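> Take this structure, written in C-alpha cells, and hold onto it; I'll ask about it next.
The values are calculated or read from the model by the stated rules, or taken from the named source; none is laboratory data. From a predicted model like this one, the values you see are computed outputs, not experimental measurements. Cβ: placed from backbone, ideal geometry, glycine included. Neighbour counts: every protein chain shown. SASA here: full protein model, heavy atoms, side chains in, ligands and nucleic acids out. Shrake-Rupley method; radii C 1.70, N 1.55, O 1.52, S 1.80 Å.
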Amino acid sequence: DCLRRRPYETREALAEDVVAILREELFHLLAGGAALVRFDEPGLTDVVRGRPGPNPAVMTTALVPRKDVDAEQAFVGSLINRVVTGLPRERVALRAGRGTADYGPLLPLLRTLQVGTYFLELAHQRPGTMAALRTLSDSCRIGVGAVAAAAAEMESVGAIYAVADEAAALFGPERVLLAPDGGFADIAARPIATAAAA
C-alpha cells in the first residue's frame, strides 16, 4: 500500500533504497567483526507460490508478490545478490521460511543466490524434505532448524539428535549448523517462546 503514496512511485524505486541500506549495514557489520550476517526472508515461499501468505506484514524483498512467479523469483534473486555482491560468501547467510509448504519450489531460486549459508526450517519436516536440499551447492552450509519456536512443547534431546544426524549424513557434518527454525521471537510484538523455554 505504501507504493500508492510518495516518495516511491514503483516498488523498483523502493527496492533501490532497500538494497542500498541493507548493503551499507552489511558492510558495517562485517567490518565490525561479525562472523556471519543472516538476512531473513520469511516471504520467499509466498513468492514461489505467487500469492501473499497469511501475514503479508512479514514480506521482505518480495515487496508484495505479483502473478508472474518466474519474473518474481528473478526480481527477488537479483535484489538479494545485489546486496551481497563482492562480499565473502562464507560470512553471509539467508534464512528462508517454508510456511506450510516444502522447499522444493524454492530450490531453483536458492541455487542462484550468492550466500554461503542457508538457515532452513526443518524441526518438524515432512519425510524427504531434507533430502531435497542436496541439490544446493556443496560449497554452502546448511543451518538446520532443529527446534521449532512455535511448538507447544520443547523437542526432546533425541528428536534434536535425529534431525542433526540426518543432516550430517546428507550434507557432511562440516556443512551443518544447528539453529532454531526461525527464531524464538521472530515477530517482536508477538513473541512465540518464553525466555525460559528459549
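> For segment 42-95, how many residues meet the condition of being surrounded by fewer than 20 Cβ atoms within 10 Å (Cβ to Cβ), at pLDDT 65 or above, of a type in the set (Val, Ile, Thr) and more than 19 Å from Pro108 (Cβ to Cβ)?
Final tally of qualifying residues: 1.
> Something else now. What number of residues in segment 124-146 are in contact with a helix residue (DSSP H, G or I) (Cβ under 7 Å, 6 or more places away or on another chain) and open to solvent by 10 Å² or more (accessible area, probe 1.4 Å)?
5
> Continuing with this model, one more query. Report the residue count in segment 123-157 for those that are over 18 Å from the mean Cα position of the chain (by Cα) and β-branched (Val, Ile, Thr).
Final tally of qualifying residues: 1.
> If I ask for residues that are modelled with pLDDT of 85 or more and open to solvent by less than 70 Å² (accessible area, probe 1.4 Å), which ones from segment 1-28 would you list?
Answer for segment 1-28, where residues must be modelled with pLDDT of 85 or more and open to solvent by less than 70 Å² (accessible area, probe 1.4 Å): Ala13, Leu14, Ala15, Asp17, Val18, Val19, Ala20, Leu22, Arg23, Leu26.
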